[in-house]
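Asker: What follows is a single structure, and I will ask about it in a moment.
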Amino acid sequence: MTKTIQTTCPYCGVGCGISAKVDDVHHRLKIGGDTSHPANFGRLCSKGSALGETVELKGRLLQPKVYGRETSWTEALDLVADSFIRAIEKYGADAVAIYGSGQLLTEDYYVANKLMKGFIGSGNMDTNSRLCMSSSVAGHKRAFGSDTVPGCYEDFEQADMIVLIGSNAAWCHPVSFQRIRAAKEANPALKIVVIDPRRTASCDIADLHLPLASGSDAALFNGLLHFLSEQNALDSAYIKAHTEGFAEALDVAGIDSEQLADFCGLDKDDLQRFYDWFAGHKKVMSLYSQGINQSASGTDKVNAIINCHLATGSIGKPGCGPFSLTGQPNAMGGREVGGLSNQLAAHMDFSNADDIDRVARFWNTANIAKQPGYPAVELFDAIYDGKIKAVWIMGTNPVVSLPNANKVKLALQRCEFVAVSDCINDTDTTALAHVLLPAQGWSEKDGMVTNSERRISRQRALFKPAGSAKPDWWIVTQVARRMGFEQAFHYQSPVEIFREHAALSGFENNGQRDFDISAFADITRHDYDRLQPIQWPVNQAYPQGRSRMFEDGRFYTESGKARFIAVTPRPPVNPPDQAYPLILNTGRLRDQWHTMTRTAIAAQLNQHKPEPFVEVHPADAHYLNSRPQQLADRPHLAIIESRWGSMIARVQITDSQQQGSLFVPMHWTEQYASRGRMGALVNAVVDPISKQPESKHTPVRIKAYQPAWQGFILSRRELSISDPDYWVKMKGEQVYRYELAGMTLPENWQAWAQQNLCDSAGGTAQWQEYQDSARGNYRAARIVNNRLESVVFIAAESALPATAWMQDDCMDAGGRATQGAVAEVEQRREQLPERNWLLSLFAKTELEIAERMALLTGKPPLGVADVGTIVCACFNVGELTIQQAIREKGLKTHQEVGRCLKAGTNCGSCVPEIKALL
Ligand SMILES: Nc1nc2c(c(=O)[nH]1)N[C@H]1C(S)=C(S)[C@@H](COP(=O)(O)OP(=O)(O)OC[C@H]3O[C@@H](n4cnc5c(=O)[nH]c(N)nc54)[C@H](O)[C@@H]3O)O[C@H]1N2
Ligand SMILES: Nc1nc2c(c(=O)[nH]1)N[C@H]1C(S)=C(S)[C@@H](COP(=O)(O)OP(=O)(O)OC[C@H]3O[C@@H](n4cnc5c(=O)[nH]c(N)nc54)[C@H](O)[C@@H]3O)O[C@H]1N2
Ligand code: SF4
Ligand SMILES: [Mo]
């Protein structure tokens, strides 16, 4: 029995609609794009398409836990409520905190915020949106008097120029990116500019890429404002009628153009071309994301961009405007309910006494918080310092995602009481909880989310709840009732919460606040369940929603005029220095979502990038005692260190990176890698206005990691491998892959392999083995009933002990290994085979003779093709297959590759990689 349910994707802020065919009996889903949803019209990216693979129950948190022991909801909820009450009685309301997430549904978020700010009476409810959108929020509020995204996705087709600033939309907002690509294909005159220190996959459709110096965006847009004025490209009538503060902003924007190009690290002609294009096109959109927000001058960067749109009047009209691409599926919903610690509710905040009074009357509470609480970084500092005694974390993984994450870990270890609500059992944060509260996951929950273009969509439950898991709103209200707030938290279902939220948005609003969905204040359950996607505001004036804001040139400031902000560019807080000469940039990969708790369950999504890596410019290869070619031929491991922490990652040499800076993905955690948690390195400096951390700029150094051996294990069973110094775990199709390295050689590889690979019922297994004890190399395969169970490949790095590197004759005066020493080690190293062919053998129920014979070479028998690293995750097409087809069939375009192999024809995210192969 299957039924089809319309819902939304739980990943990025594009907010795609999904049509899910649900097979309850086998707990299976068939995922398709919802063709009627205006965010995607049926398209999905690789992550959305793979959702069906993520709903398995293995690894889920299914029962409440107290101090590691499974227990009843009653005991767990009592303990949370009691711990909060005790902390408040003893130390006051500000001794407790909630740290939430843009991945909670609007109803969940609303009650958590109401509990903390309305009834506990502290401002200490903050959210991971602090790490994500808070600079945009602050920038919007300064310019517009409200946190409003002016435009909508339809503008993509109407624009004649689109600028992507600090956004790798090709990987992070793939469906929007594909829409922009299609717009450009339909209208080749559409200009695309990418402003990003790295050459990213988004540059694939760009007419111009400006690889600016990290953090120099505000200067670049100040320069643009100045240029627009010089060229008489301003819309003076608009400036006069609808804005204020222009003269002051222009006054500080001027800087000599030579100097400017130099400061931004850009070619002067490229910069000039961008300025000319901006001045020469009427309908310009500026799409920006974390390269702008995650900066100690993020708010200023946002305003420097908005200034240029106000100056040209390119806002509130079709095809133009500044457009903040939101990250999380409900980052917008979180801002609506007031989830940031400086916000109160429904776009009201603590800066206004009338707002506080209004919300208090609406909530009917005498105990409302009067002041903002701690923003995320300070909040965890306060936990570390013992000022906060009890914290409740919901739907976020701060031990990975906050800067200076080792301090965050220590803070939680020290904290008297830590509760965590999550749907996954083992995360770096759940590991530190005293109480674990099992939340229903995406496929079980019901409620609302709002996407980047202010569009509210319904997320619908597909399955019955797993185990004892409960919706987040239920968990929060149960604790609230136990704390004595029964009256205010009496809800029986999410629709009741949504109605209240809608009513509050319209309460004494009178057109004063942009966020008004009062048309839903009395929504029936029937209509709530059937709600079709709609853009707020939804009120008397706009009963069908509103796609574009500020069309009338009226803003939500006191004067009704938009504000120019005079921006004085500031460099990133911590510059590189002699000890830490490189800049660490961090960000996202195409197929993983944040801390991988859900995407790493889907084998498909792990193939694109199976291991934590660091991108290094060829000219920086010398830090690794290597020549670029050596590293390209054979990727080494490197240790990256900052003043705050360190990590190990596989080196990838690429000139898409600038000299002097490194890039690492943000995704790996202690669940999937021994030393891949990048948050430990990141400096915890924040923007003074938005309090958003500067996650894209930390001074670091890098050096070669010199293990005694490296190797890998592929195994049908999940293993726990005894103590290698470096390990990375990855789930594949019917196989777990472990990349390994160690500082000491075990006495006996054979014994080591037996110990790690055998299960208790290992009696009938056959072994193939190869050992070169003189060199310390070892290979083995374990076969049961002619089916491959596991393989292990170990290569000793050299016959020299690792410490040989420390000996004088191997080092030059600068402490680096001499070329001679490098060459010697290189020569002694044994090459490990590529993993693809071996991985493919796990899909087989029986091995063929030729395969058994070839096993320990790790290479396919003669005449069998290796597919190479998977490029197209949707259709499982490998790099070598594509290369071969290009060669043999003479394919010239990615469309031809698509017709031949299907690669790149579903979500399109791999098109840049296919083009690179062409
Ligand atoms: N696949 C995938 N998609 C996602 C997510 C995910 O985890 N995985 N997460 C979602 C979330 S929550 C978010 S917030 C978005 C983030 O989406 P994006 O912001 O597009 O993603 P990032 O990779 O964090 O950073 C974007 C770019 O900023 C650049 N950058 C670094 N420093 C600077 C600078 O000083 N100036 C400029 N102009 N650029 C700079 C980086 O090189 C990087 O390419 O993605 C969403 N979508
Ligand atoms: N250095 C660096 N740091 C960064 C960034 C960066 O670019 N660089 N990006 C920042 C940004 S923009 C963001 S948004 C953050 C993201 O960082 P996090 O929010 O820490 O990452 P997630 O993995 O999304 O964590 C979500 C958690 O919620 C759980 N979960 C999923 N659904 C539910 C649910 O319905 N209920 C509950 N209770 N739990 C659920 C998941 O299992 C997971 O443990 O990282 C930030 N940190
Ligand atoms: S673009 Fe991909 S991750 Fe984002 S909402 Fe759509 S399907 Fe989900
Ligand atoms: Mo984000």
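The values are calculated or read from the model by the stated rules, or taken from the named source; none is laboratory data. Everything numeric here is computed off the predicted structure, so don't read it as measured data. Ideal geometry is used to build each Cβ from the backbone, glycine not excepted, and the neighbour counts take in all protein chains shown. Protein only, heavy atoms only, side chains kept; ligands, DNA and RNA dropped before computing areas. Shrake-Rupley method; radii C 1.70, N 1.55, O 1.52, S 1.80 Å.
Asker: Taking only DSSP H segments of four or more residues, each worth -39500 (n - 2.57), what value at 222 nm results for the chain once the sum is divided by all its residues, to the nearest 500 deg cm²/dmol?
Answerer: -8000 deg cm²/dmol
Asker: Roughly to the nearest percent, how much of the accessible area of segment 303-433 is carbon and sulfur, given a 1.4 Å probe?
Answerer: The computed percentage sits at 45.
Asker: Once Lys and Arg get +1 and Asp and Glu get -1 on their Cβ, which of ILE583, HIS608, PHE246 lies farthest toward the positive end of the dipole of the chain?
Answerer: Ranked along the dipole, the leading option is HIS608.
Asker: Placing +1 at every Lys and Arg Cβ and -1 at every Asp and Glu Cβ, with all other atoms neutral, what dipole size does segment 582-684 have around its Cα centre, in debye to the nearest 20?
Answerer: Once rounded to the nearest 20, the dipole reads 200 debye.
Asker: Could you give each residue of segment 350-357 its phi-based ³J(HN,Hα) in whole Hz, using Karplus coefficients 6.51, -1.76, 1.60 with θ = phi - 60°, and x for Gly or Pro?
Answerer: Going residue by residue, I get 6, 6, 10, 4, 4, 4, 4, 5 Hz, with x marking Gly and Pro.
Asker: Can you tally the net charge around CYS758? Count Lys and Arg as +1, Asp and Glu as -1, for every other residue whose Cβ sits under 11 Å from the Cβ of CYS758.
Answerer: Residues close to CYS758 contribute a combined charge of 0.
Asker: Could you state the accessible area per residue of the chain in Å², with a 1.4 Å probe and every protein chain left in place?
Answerer: So the chain comes to 36 Å² accessible per residue, rounded to a whole number.
Asker: Further, regarding this structure: If R0 is 45 Å, what FRET efficiency do you get for ALA247 and ILE523 from their C-beta distance, rounded to 0.05?
Answerer: Efficiency, rounded to the nearest 0.05: 0.45.
Asker: How far is helix 472-482 tilted off the main Cα axis of the chain, in degrees rounded to 10, range 0 to 90?
Answerer: It works out to around 60 degrees.
Asker: Along the charge dipole of segment 582-684, Cβ charges K/R +1 and D/E -1, which of VAL664, ALA619, ALA684 sits furthest on the positive end?
Answerer: ALA684
Asker: Report, in whole Å, the centroid distance computed from the Cα atoms of segment 33-52 and segment 414-455.
Answerer: 24
Asker: While we're looking at this one, here's another question. Can you pull out the trypsin sites (Lys or Arg not before Pro) in segment 22-94 whose DSSP state is coil and whose Cβ has at most 12 other Cβ atoms within 10 Å?
Answerer: Counting only loop positions with at most 12 other Cβ atoms within 10 Å, the trypsin sites (Lys or Arg not before Pro) in segment 22-94 are LYS58.
Asker: Taking 0.36 nm per residue of sequence separation and subtracting the Cα-Cα distance, how much length would be gained by fully extending the chain between GLU185 and GLU670, in nm to one decimal?
Answerer: 170.3 nm
Asker: Please label the shape of segment 54-136 as rounded, prolate or oblate, based on the square roots a ≥ b ≥ c of the eigenvalues of the alpha-carbon gyration tensor (a/c under 1.5 means rounded; beyond that, a/b larger than b/c means prolate, else oblate).
Answerer: oblate
Asker: Can you grab the distance from the C-alpha centre of segment 850-872 to the C-alpha centre of segment 160-209, Å, no decimals?
Answerer: 37
Asker: Which is farthest toward the positive dipole end of segment 134-325 among SER202, CYS152, HIS309, measuring Cα position about the Cα centre, with Cβ charges +1 (Lys, Arg) and -1 (Asp, Glu)?
Answerer: Projecting each Cα onto the dipole axis, the largest value belongs to CYS152.
Asker: Label ASN406 and THR654 with points 7 Å out from Cα along Cα→Cβ: what is the distance between them in nm?
Answerer: Each label point lies 7 Å from its Cα, and together they span 2.7 nm.
Asker: Pop the C-beta distance of ASN352 and ALA850 into the FRET formula with R0 = 51 Å and round what comes out to the nearest 0.05.
Answerer: For ASN352 and ALA850, the calculated efficiency is 0.10.
Asker: Another question about this same structure. What percentage of the solvent-accessible surface of segment 3-54, computed with a 1.4 Å probe over protein heavy atoms, is contributed by carbon and sulfur atoms?
Answerer: Result for segment 3-54: 54 percent of the exposed heavy-atom area is carbon or sulfur.
Asker: Another question, then. Residues with beta-carbon under 11 Å from that of LYS282, excluding LYS282: net charge, scoring Lys, Arg +1 and Asp, Glu -1?
Answerer: Summing Lys and Arg as +1 and Asp and Glu as -1 gives 0.
Asker: If you put +1 on each Lys and Arg Cβ and -1 on each Asp and Glu Cβ, how big is the dipole of segment 103-194 around its Cα centre, in Debye rounded to 20?
Answerer: That gives a dipole near 280 debye.
Asker: GluC sites (Glu not before Pro), restricted to segment 726-773: which are DSSP loop and have at most 12 other Cβ atoms within 10 Å?
Answerer: Loop-located and lightly packed - GLU747.
Asker: Still on this structure, please answer the following. Where both residues lie in the chain, what percent of DSSP beta bridges are antiparallel, nearest 5?
Answerer: 65
Asker: In addition: For the pairs LYS21/LYS47; LYS282/LYS317; LYS3/LYS464; LYS117/LYS409; LYS47/LYS609; LYS389/LYS409, flag any whose C-alpha to C-alpha distance is greater than 19 Å.
Answerer: From the list (LYS21/LYS47; LYS282/LYS317; LYS3/LYS464; LYS117/LYS409; LYS47/LYS609; LYS389/LYS409), the Cα-Cα distance tops 19 Å for LYS117/LYS409.
Asker: Where the only charges are on Cβ atoms (+1 Lys, Arg; -1 Asp, Glu), what is the dipole of the chain about its Cα centre, to the nearest 20 debye?
Answerer: It comes to approximately 1540 debye.
Asker: Measuring from centroid to centroid over Cα atoms, what is the spacing of segment 62-124 and segment 549-608 in Å?
Answerer: What the calculation gives is 29 Å, centre to centre.
Asker: Oh, and also: With all protein chains present, how much of the accessible area of segment 582-684 (probe radius 1.4 Å) comes from carbon and sulfur, to the nearest whole percent?
Answerer: 45
Asker: Please give the length that would be gained between ALA774 and THR4 if that part of the chain were fully extended, namely 0.36 nm times their separation in residues minus their C-alpha to C-alpha distance (nm, one decimal).
Answerer: Stretched fully, the ALA774-THR4 segment lengthens by 271.0 nm.
Asker: Shifting gears a bit: Report the gain in length on full extension from THR893 to ALA765: 0.36 nm times residue separation, minus Cα-Cα distance, nm rounded to one decimal.
Answerer: Additional length available on full extension: 41.2 nm.
Asker: Separate question: List every residue whose amide H lies under 5 Å from the amide H of GLY395, counting only residues 5 or more places away in sequence or on a different chain, with H placed 1.01 Å from N in the peptide plane.
Answerer: Residues meeting the amide H criterion: SER421.
Asker: Moving on to the next point. In nanometres, what is the gap between the two model label sites at TYR91 and ASP426, each 7 Å from Cα along Cα-to-Cβ?
Answerer: Here the modelled spin labels are 3.1 nm apart.
Asker: Once label points are set 7 Å from the Cα along Cα→Cβ at both ASP24 and ASP262, what is their separation, rounded to one decimal in nm?
Answerer: Roughly 7.2 nm, to one decimal.
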